[in-house]
Amino acid sequence: MAHEATDTHPSKDAHHGHGVGRYFLIWALLLVGTATTVITGRMDLGAANIFIALLIASVKATLVVLFFMHMTEAPGANRLVFVVSLVFSIVLMIGVFGD
C-alpha cells in the first residue's frame, strides 16, 4: 500500500477563497459612504464642501480598489503603483487648492 503525499501548502496560483461576508461588509460601507455623500452634498458647509466630498470619494475608491479589485493580495509592484498614484493625486489636489 503506497501512501500518497499530499501537498498541504497552497501554491501561488491557488484561488483565494473569501467569504461573501467580507464583500457584503464592504458593500455596506460603500452604501454608508454614498448616503454620507448625499447628506453632506445637501448641506452648506462653505469652503469645506469640496474637501469633504473628495475625502468621501477617496475612501470609497480605496475600498473598491483594495477589496473588490483584490489589491490586498496583489504583488509588491502593484501595491507600489497604487500608493504612488494616491500620493500623486494628493499632491495635485494640494497644488490646485493652494492656488
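A short reminder: the numbers here are calculations on the coordinates, not readings from a lab. Model, not experiment: these values are computed from the prediction.
Computed values, structure above
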{"item": "Shape category assigned to the range 26-68 from the gyration tensor of Cα positions, a/c cut at 1.5", "result": "oblate"}
{"item": "Cα gyration tensor category, rounded, prolate or oblate, for the range 28-99 with a/c compared to 1.5", "result": "oblate"}
